[in-house]
Amino acid sequence: MKTLAKSFVGLGFLLAGISCILRLVKWHPLLALYQAPYFAVWAFAGICLFRPFAGDKERRLFFVILAALSLLALFFPKDHYLPFLQTRTVFAFLFMLLGAGARACFFAAAGIAGAWLLSPEGERPAMAAKKSWRKWTVWGFALFTASMFSGELWSYLGWGAPIVWEDPAVIAGMVVWFYYALFLHLDLLRFFETHRIAWAAVFGAVVAFVFACLPDMGRLFPPTWMP
């Protein structure tokens, strides 16, 4: 069953990758910024496919998160919104792609921490789990930081200002960055006990979803291929 499940995930990863490439080709030279949820799902599927899991609880939780993100991206697209104007710089695409990868890393850290919290106390390898979700958090924070800098460069080259303060999506992205900056400080300084840091990692996925994913989603409606 594990091999069969992994085969389906691998097939989904391949098809999602093709879909993402076609989306970029279809909209070029425009930037389909609201397609980011699809890219985040593809990145998280890659993590599920290639990451060695610590146990069945972690594997199942990762697949539940993957299924939830896939359904949300499918039924809450903003395809009816116009994309940004012509993208004359690669920083526009880096802003979207790096941000999608960062979200996938944050969800991975939450999945590892959540599986650790669900395990019995005698079966909790605290140090190994903590190092694992810390690694994914660091990767997510680095990618999110690079995404923000790419967005600032794109904004400066396109509109003459590095930050458009009137855009609520920009302010929402800063909430995610400050949350994980605080999280890493508390984690690395060992300010909280392991189970509290684990809950903070799980809550971080909620913060990332609300402030980084929801702005890219619209109202609920069936995909265009459904009757």
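The values are calculated or read from the model by the stated rules, or taken from the named source; none is laboratory data. Everything numeric in this text was worked out from a predicted model, so none of it was measured. Note that we place each Cβ from the backbone using ideal geometry, even for glycine, and neighbour counts take in every protein chain shown. Heads up: the accessible areas ignore ligands, DNA and RNA and are worked out on the full protein's heavy atoms, side chains in. Shrake-Rupley method; radii C 1.70, N 1.55, O 1.52, S 1.80 Å.
Observations
- Full-extension gain in nm, residue 11 to residue 178, via 0.36 nm per residue minus C-alpha separation: 56.5 nm
- Among 18, 65, 163, the largest mean-square fluctuation in a Gaussian network model of the chain (Cα springs under 10 Å) belongs to 18.
- Inter-centroid distance (Cα atoms) of segment 174-189 relative to segment 195-209, Å: 11
- For the chain, the Stokes-Einstein estimate of translational diffusion at 20 °C and a viscosity of 1.002 mPa s comes to 117 µm²/s, using the Kirkwood hydrodynamic radius over alpha-carbon pairs.
- Selected from 40, 104, 128 as most flexible by GNM, with the chain as the system and alpha-carbon contacts under 10 Å: 128
- Between the amide H of residue 31 and those of 84, 87, distances stay under 5 Å, these residues lying 5 or more places away or on another chain, with hydrogens modeled in the peptide plane.
- Summary: within the chain, the longest segment free of trypsin sites (Lys or Arg not before Pro) located in DSSP loops with at most 11 other C-beta atoms within 10 Å is 89-189.
- Options 161, 147, 111, ranked by Cα towards positive dipole end of segment 90-162, top entry (Cβ charges): 111
- Rounded percent of accessible protein surface that carbon and sulfur make up, the chain, 1.4 Å probe: 73
- Per residue accessible area of the chain, 1.4 Å probe, in Å²: 56
- Net charge dipole size for the chain [Lys, Arg +1 and Asp, Glu -1 on Cβ; Debye, nearest 20]: 560
- Coil-residue GluC sites (Glu not before Pro) of segment 89-189, DSSP, other Cβ within 10 Å capped at 14: 166
- Listed residues 66, 188, 143, most fluctuating in the chain (Gaussian network, C-alpha, under 10 Å): 188
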